[in-house]
């Protein structure tokens with residue numbers, strides 16, 4: 001099964017815009033078609049950002065989304081500090097990806113990350129969906 005980490009901007013986009021690629025990736029994770037990995041710092045960031053008043057996301061919708069994430073995701077505890085992200089706040093995603101041995105880190109801000117971190121590819125939602133479709137077409 002494909003193992004992924006979702007950057008906060010993908011989760012926020014999934015909450016704000018129905019029918020987009022971020023929502024499609026999010027739903028794959030929530031439905032168990034791909035395995036989402038999170039860490040406690042990532043869960044805290046998801047909650048902090050989703051509850052920002054300027055986003056105007058219904059608090060009940062945030063509560064439900066966070067509960068779904070906690071139920072669907074595998075929690076890891078990164079032990080290796082990483083300083084490879086161009087935005088230091090984004091290192092938590094690389095740390096999680098490393099601990100989870102994630103195949104992909106899906107982000108709307110790929111410029112904040114290196115192209116790859118160890119075995120983890122850094123992909124935009126479209127790139128992830130295209131790569132997943134190609135993999136599904138390959139013979140087993």
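The values are calculated or read from the model by the stated rules, or taken from the named source; none is laboratory data. Owing to the predicted nature of the structure, the values given are computational and were not obtained by experimental measurement. Positions of Cβ are backbone-derived with ideal geometry, glycine not excepted, and every protein chain shown enters the neighbour counts.
A single entry from 38, 11, 5 fulfils the requirement of being out of contact with any strand residue (DSSP E or B) (no Cβ under 9 Å at 6 or more places or on another chain) and crowded, with 22+ Cβ neighbours inside 10 Å: 11. Candidates in the range 14-27 are the residues that are touching a residue at least 60 places away in the same chain (Cβ under 8 Å) and buried (at least 17 other Cβ atoms within 10 Å of the Cβ); of these, the one that is farthest from residue 77 (Cα to Cα) is 21.
Counting residues in the range 11-26 that are part of a loop (DSSP other than H, G, I, E, B), closer than 21 Å to residue 120 by Cβ and under 11 Å from the mean Cα position of the chain (by Cα) gives zero. With 138, 95, 40, 115 as the choices, which residue is over 20 Å from residue 13 (Cα atoms), at pLDDT below 95 and under 17 Å from the mean Cα position of the chain (by Cα)? Of 138, 95, 40, 115, the one residue that is over 20 Å from residue 13 (Cα atoms), at pLDDT below 95 and under 17 Å from the mean Cα position of the chain (by Cα) is 115.
Within the range 51-78, the set of residues being closer than 18 Å to residue 6 by Cα and either in contact with a strand residue (DSSP E or B) (Cβ under 7 Å, 6 or more places away or on another chain) or touching a residue at least 40 places away in the same chain (Cβ under 8 Å) (or both) comprises 62, 65, 69, 72, 73, 74, 75, 76.
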